[in-house]
Amino acid sequence: MTHLQPVFSRQFNGVVWRMEIDPISHTLFIELRNETDKQVSFASIDVAAGRLNFEGLTTDERWLTGMEGAYNGVLLLHHYESNASPTHKALIAIDGKTGEQLWANYNWMFDHFTVNGAVVSDARLQPRKLMLANLQTGELLRPYDPQLDTEPDTQIGLPDIVLPEGELPIQPYGNMMHRLLYNSYRIVSLHALNTAGSLTQHLYVMMGSDVLYHDLLNADIQKLQPEAFVQYNNHLIYLKHRSALSIVNL
């Protein structure tokens, strides 16, 4: 039986704060936060090719910025009003392959993506009026129409929290595990106690009782960690130690 191997692995300089997948360009975007330097940066990965497009992308605002999302080859970034406010302001559009800025509008607020573009509103106008904007140019196209402007399919598979089931390599701690079924694969993330009595977190890809892939995601941790993986198309994408990313083709 063939064992699986990563097609992409990367250790980043910072904590992976957020991930977004563009289902049109098959691009994974990562928001990284380095607490020591108070610097936010962004990275782009071509999931299908297993290739890094760019990393270390920053804006003029070092800390109060983040990702809104990504669609059709464009990454949208935002700023925060202040350290004390989670309110988003401004939109900055980035080419998902090159990292070049396409356009920016510091009066807009993002609402959501549709198959036809991004739905935005002008923060200066009340009551709020939703408009459809061209992602590549930032041009306002027309008023938002929910009948025409439907939401895209993300194609992302998320694990379920289940009781331990089937044969497992180790005994799960807490009588629970994260599990995702994809084709003939059973993808499992679970916690276990090591010999020193500390918690560890493991990822397994199994077929029946056979382990095709295993990685230690966290060691010597003090509390249970959230699910560490997603499935996108035929790819398993997961985080390790909150700062390293791997992609495995299934």
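The residues of region 209-250 that are part of a loop (DSSP other than H, G, I, E, B), out of contact with any Gly (no Cβ under 8 Å at 6 or more places or on another chain) and small (G, A, S) amount to a single one, A228. Residue count for region 112-128 under the criterion of being open to solvent by less than 50 Å² (accessible area, probe 1.4 Å) and either modelled with pLDDT under 95 or among the small types (G, A, S) (or both): the result is 3. Within region 186-198, being in contact (Cβ under 8 Å) with a residue 12 or more places away in the chain and surrounded by fewer than 19 Cβ atoms within 10 Å (Cβ to Cβ) holds for A192, L193, N194, A196, S198.
Consider T154 carefully, then state whether it is touching a residue at least 60 places away in the same chain (Cβ under 8 Å), surrounded by 11 or more Cβ atoms within 10 Å (Cβ to Cβ) and closer than 30 Å to Y71 by Cβ. Against the criterion (touching a residue at least 60 places away in the same chain (Cβ under 8 Å), surrounded by 11 or more Cβ atoms within 10 Å (Cβ to Cβ) and closer than 30 Å to Y71 by Cβ), T154 qualifies.
Within region 86-106, the set of residues being outside any strand (DSSP E or B) and surrounded by fewer than 19 Cβ atoms within 10 Å (Cβ to Cβ) comprises K97, T98, G99, E100, Y106.
Checking the condition in contact with a Pro (Cβ under 8 Å, 6 or more places away or on another chain) and open to solvent by 30 Å² or more (accessible area, probe 1.4 Å), which residue from M131, M109 passes? After ruling out the rest, the residue left standing is M131.
Listed by first and then second residue, the pairs with beta-carbon distance under 7 Å, at least 6 apart or on different chains, first residue in region 71-85 and part of a strand (DSSP E or B), second surrounded by fewer than 10 Cβ atoms within 10 Å (Cβ to Cβ) and of a type outside the set (K, R), are Y80/P86.
Of all residue pairs spaced 6 or more apart or on separate chains, those with beta-carbon atoms under 8 Å, a first member in region 214-243 that is not assigned by the TED database to the domain that holds D22 and a second member that is aromatic (F, W, Y) and assigned to a loop (DSSP other than H, G, I, E, B) are S243/F12.
Mind checking whether some residue in region 55-72 is aliphatic (A, V, I, L, M), open to solvent by less than 30 Å² (accessible area, probe 1.4 Å) and at pLDDT 95 or above? Yes, the conditions are met somewhere in region 55-72. Of all residues in region 178-185, one or more are open to solvent by less than 70 Å² (accessible area, probe 1.4 Å) and either on the phi > 0 side of the Ramachandran plot or of a type in the set (K, R) (or both).
The values are calculated or read from the model by the stated rules, or taken from the named source; none is laboratory data. Values in this document were obtained by computation on a predicted structure and should not be read as measured data. Cβ coordinates were reconstructed from backbone atoms using ideal geometry, including for glycine residues, and neighbour counts include every protein chain displayed. We work out accessible area using only protein heavy atoms, side chains counted, and drop any ligands, DNA or RNA first. Shrake-Rupley method; radii C 1.70, N 1.55, O 1.52, S 1.80 Å.
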